[in-house]
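These notes are about the structure you will find just below.
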Amino acid sequence: MGGYGDVQMIDENGKRADGRTAEEIRPVEINAGIIPVADGSAEVIWGGNHVIAAVYGPMEAHPRKIQKQDRAVLDVRYNMAPFSTTDRIRPGFNRRSREISKVTAEAFDSVVMTELYPRSKIRIEIEVITAEAGTRCAGITAASVALADAGIPMTDLVISVASGKINGVVVCDLNKEEDNYGEADLPMGVCANSGDLVFLQMDGDLSPEEFQIAWDYNMGAIAPVHELMIDALKRSNGGAE
Amino acid sequence: MTDQSALGGRDGRGTRLVTPGASLGASEGRRIGHGIVVNDGQMIAVKLGAVVESEQEISILPTHTRYTPRPGDLVIGVVEAVQSNLWFLDINAPFNALLPMSLGPGKSEFGGARHVLNVGYTVLCRIQEVDETHSSVVTMKGLGLRRVDSGIIEEIPPHLMNSLFSDGAALKLLKSTTDCRVVLADNGRMWIDGSPSSISSVISKLERVRTMSRDISNLDSMIEVIQAEVQ
């Protein structure tokens, strides 16, 4: 039944190993403006994930060959710290971090008004300090807050959440065990206000019905995270009551 | 989706702080200012900041922004690169500005640009022209435009320049009370020259301004407080 052996991760009452229900997300904490030297920054603590994002720019794009004559280039660098997981990660870029950097840049291309800064570059640094499944989602959410904090014009905030399948049941926001031993994973990036989809990946197999449930779970998780993002930005800029 | 008007609404202290994507309602014939776009007749905030609205116009005063060069602006630039017949200056904008040798200081020969202004030198110059790709050309031909050899350069948020120093009174007071020579450039850089003690006095005032400028919960009172601080 399970992905690897028959690890039972959800009981007959729909309670998961960490006590959450199927549609419940892990506790989330967001703080903005944590790096004074960056133009914008944010940290997201999402369950066991701790992700920091910093934004620099818009700035002159170097080397010149990467410049676009009609818009800015989003230079995203996603990196996991060597100590972020139980096994040490070899420092530097690898296939996975390149892929995540690319999909993150493409997600933000839909909302950042890059046409206002032709020939320039906006650098987004995402550093995973502690990883516990769903780091790309936490990274995109952190980068979104950091972009807003940096004053980059964008049409919406992007929030990313993943749902997946464990023991044949669709659940929202997989933790480490569920991610390792689960059967499918569906990370999505959604614009908070318009509801537009800017990023979607799928790992494993989901039936059309299961896909719909995972979609609904992800969409349902957007609003509470959006409120936390707004609260973080307001606290950072003196707007909190 | 969450309606931001409830979350980003007035916070009880007078200023409405909005985040990107927040719906600001219909424009109702008002002019759309900085930080807002209109989609299907609805105004949407594209920047994090405070909503500034009047009967004629609505705009957003951003919490952070970059300087956008305009022709005629007085700017303080730092030489970033030198070529045979031109200099590239960092003017605190997203793009470096060009200073051609013909508009540079004094006489210099082809290939001798480095002897006149080297990397790291600071200059007071004026924006000559800006093209549609935001490339800007600066000039040092003009009254008071020169190389900066003494004092220090401090930065203040470019979006607060108008609110704080538009009438010139705050700057005059800053100069007279600290006995410093102060040149405020449009790109948010300030050249401060004087005795070490008076320079440090100006720096401490500006540091407080920078700290306070992050709190835009009540825009009007913030500007009052900052002006008092500067004075």
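The values are calculated or read from the model by the stated rules, or taken from the named source; none is laboratory data. Bear in mind that the values here come from a model prediction, so they are computed numbers and not experimental data. All Cβ positions, glycine included, derive from the backbone under ideal geometry; neighbour counts span all protein chains shown.
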Quiz prompt | Checklist (1) within 11 Å of another protein chain (Cβ to nearest Cβ); (2) within 18 Å of the chain's Cα centre (by Cα); (3) surrounded by 16 or more Cβ atoms within 10 Å (Cβ to Cβ) applied to residue A:178, failing item | solution = (1)
Exercise. Would you point out which residue out of A:164, A:139, A:57, A:168 is at positive phi and more than 11 Å from every other protein chain (Cβ to nearest Cβ)?
Key: A:168
Quiz item: If you go through the range B:60-72, how many residues are surrounded by 20 or more Cβ atoms within 10 Å (Cβ to Cβ) and more than 9 Å from every other protein chain (Cβ to nearest Cβ)?
Solution: 4
Practice problem: Kindly list, by first and then second residue, each pair from a residue in the range A:10-23 that is of a type in the set (A, V, I, L, M) to a residue that is part of a loop (DSSP other than H, G, I, E, B) and surrounded by 12 or more Cβ atoms within 10 Å (Cβ to Cβ), limited to pairs with Cβ atoms under 6 Å and residues at least 6 apart or on different chains. | Solution: A:10/A:167; A:17/A:9; A:22/A:14
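Can you tell me which residue in the range A:54-106 is nearest to the chain's Cα centre (by Cα), limited to those that are in a loop (DSSP other than H, G, I, E, B) and among the hydrophobic types (A, V, I, L, M, F, W, C)? Outline the logic, then answer.
Let us first name the residues in the range A:54-106 that are in a loop (DSSP other than H, G, I, E, B), namely A:61-63, A:67-72, A:81-94.
Imposing the further condition that a residue be among the hydrophobic types (A, V, I, L, M, F, W, C) reduces the set to A:61, A:72, A:81, A:83, A:89, A:93.
Values: A:61: 25, A:72: 22, A:81: 16, A:83: 20, A:89: 20, A:93: 18 Å.
Filtering the range A:54-106 for residues that are in a loop (DSSP other than H, G, I, E, B) and among the hydrophobic types (A, V, I, L, M, F, W, C), the one nearest to the chain's Cα centre (by Cα) comes out as A:81.
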Quiz item: When the residues of the range A:182-199 are filtered to those that are under 17 Å from residue A:133 (Cα atoms) and either in contact (Cβ under 8 Å) with a residue 60 or more places away in the chain or within 12 Å of chain B (Cβ to nearest Cβ) (or both), which remaining residue is surrounded by the fewest Cβ atoms within 10 Å (Cβ to Cβ)?
Solution: A:183
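Being more than 30 Å from residue B:95 (Cα to Cα) and not hydroxyl-bearing (Ser, Thr, Tyr) narrows it down to one residue among A:12, A:60; which is it? Break it down into steps so the answer makes sense when it comes.
Values: A:60 fails: more than 30 Å from residue B:95 (Cα to Cα).
Answer to the selection: A:12.
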Exercise. Determine whether residue B:95 is in a loop (DSSP other than H, G, I, E, B), of a type in the set (Phe, Trp, Tyr) and under 17 Å from the mean Cα position of the chain (by Cα).
Key: yes
Practice problem: Filter the range A:210-230 down to the residues that are within 11 Å of chain B (Cβ to nearest Cβ) and over 14 Å from residue A:197 (Cα atoms), then identify the one that is surrounded by the most Cβ atoms within 10 Å (Cβ to Cβ). | Solution: A:230
Quiz item: How many of the residues making up the range B:109-135 are of a type outside the set (Val, Ile, Thr), closer than 13 Å to residue B:87 by Cβ and either surrounded by 14 or more Cβ atoms within 10 Å (Cβ to Cβ) or within 14 Å of chain A (Cβ to nearest Cβ) (or both)?
Solution: 5
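Could you go through the range B:12-33 and let me know if any residue there is within 10 Å of another protein chain (Cβ to nearest Cβ), at pLDDT below 90, over 27 Å from the mean Cα position of the chain (by Cα) and not in a strand (DSSP E or B). Can you show your working first?
Of all residues in the range B:12-33, those within 10 Å of another protein chain (Cβ to nearest Cβ) come to B:12-13, B:15-23.
Filter once more, so that each one left must be at pLDDT below 90: B:12-13, B:15-17.
Within this subset, residues satisfying the condition of being over 27 Å from the mean Cα position of the chain (by Cα) are B:12.
Filter once more, so that each one left must be not in a strand (DSSP E or B): B:12.
Scanning the range B:12-33 turns up at least one residue that is within 10 Å of another protein chain (Cβ to nearest Cβ), at pLDDT below 90, over 27 Å from the mean Cα position of the chain (by Cα) and not in a strand (DSSP E or B).
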